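The numbers here are math on the coordinates, done by the rules we state, and not lab data. Computed from a prediction, not measured in an experiment: that's the story for all the values here. Using ideal geometry, Cβ is built from the backbone for each residue, glycine included, and neighbour counts are taken over all protein chains shown.
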Amino acid sequence: MLESDYINIAKSGDYAGYNYLLKTHWEYVKNYLINKYKDSYLAEEICIQTFAKAFDKINTYKETYAFRTWLIQIARNLAIDENRKKKIRTEPMYESTKKQISDEVPSIEDEMIKNQYANLLVLEIKKLPAQYQEIIELRYFKEMSFKAISQELGIPVNNLKVRSLRARKSLFKQLNPMS
């Protein structure tokens, strides 16, 4: 089968198409991002976002360009967005304010608010399907690598990455229902 066949399979919603495209292009996109950032963790995060966005918008893909080129353009745009986020900094207007902020210790109220948000997040995670809960817990709370999670759960790494994308996307939709 040709790559265009797998793209059409993915457009029809069949996971076999997504898995093939992910397996075929993951390393290429990730290596592109690693060369750009020199940070494998950030590169992997942007790579995950790239495939999530590509799979969401797969019906907009036109075969006038290579699929790999389309993925790299998505990755490049997400990388630019990431750089913009990093450059946004807020600085105090006066030195005294700067010193006051650096000397501040979080108050009891701040800690309570932080705990309330954490509890809200945990409640939202518990609303996800069990397979997504487990992946989120292992990846983000226990900070395990995809390889380690793959070995623990007996799931291929590529399938795990796709599930992770879906889990994060589902959680985001729950937390931001208007998006």
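For an R0 of 22 angstrom, estimate the FRET efficiency from the Cβ-Cβ distance between Q133 and L175 and round to the nearest 0.05. Don't skip to the answer; put the middle values down first.
Details: r = 15 Å, r/R0 = 0.67.
Once the sixth-power term is evaluated, E becomes 0.90.
Using θ = phi - 60° and the Karplus curve 6.51 cos²θ - 1.76 cosθ + 1.60, what whole-Hz ³J(HN,Hα) does each residue of segment 31-46 get, with Gly and Pro shown as x?
Coupling constants for segment 31-46: 5, 4, 5, 5, 4, 6, 9, 6, 9, 5, 5, 5, 4, 5, 4, 5 Hz.
Using alpha-carbon pairs under 8 Å, 6+ residues apart, how would you state the relative contact order of segment 3-87 in percent? Mind dumping the intermediate values first?
Details: 60 pairs, mean separation 22.0, N = 85.
Once divided by the residue count of segment 3-87, the mean separation gives 26 percent.
Shape call for segment 27-67 from the C-alpha gyration tensor, a ≥ b ≥ c root eigenvalues: rounded (a/c under 1.5), prolate (a/b greater than b/c) or oblate? Before the final figure, lay out the partial values.
Values: a/c = 3.99, a/b = 1.89, b/c = 2.11.
The shape class here is oblate.
Give me the number: length gained by fully extending K57 to Y140, i.e. 0.36 nm times residue separation minus the C-alpha to C-alpha distance, one decimal in nm. Could you put the intermediate results ahead of the total?
Working: separation 83, 0.36 × 83 = 29.88 nm, distance 2.59 nm.
Here the segment from K57 to Y140 would lengthen by 27.3 nm.
I need the calculated FRET efficiency for the pair T64 and K147, taking r as the beta carbon distance and R₀ as 45 Å, to the nearest 0.05.
Working: r = 36 Å, r/R0 = 0.81.
It comes to 0.80.
In whole Hz, with x marking every Gly and Pro, tabulate ³J(HN,Hα) for segment 62-79 from phi via Karplus 6.51 cos²θ - 1.76 cosθ + 1.60, θ = phi - 60°.
10, 7, 6, 10, 5, 4, 4, 5, 4, 4, 5, 5, 4, 4, 4, 5, 5, 5
In whole Hz, what ³J(HN,Hα) sequence does segment 134-143 give by Karplus (6.51, -1.76, 1.60; θ = phi - 60°), x for Gly and Pro?
Those phi angles translate into 5, 5, 4, 4, 5, 6, 9, 8, 8, 6 Hz.
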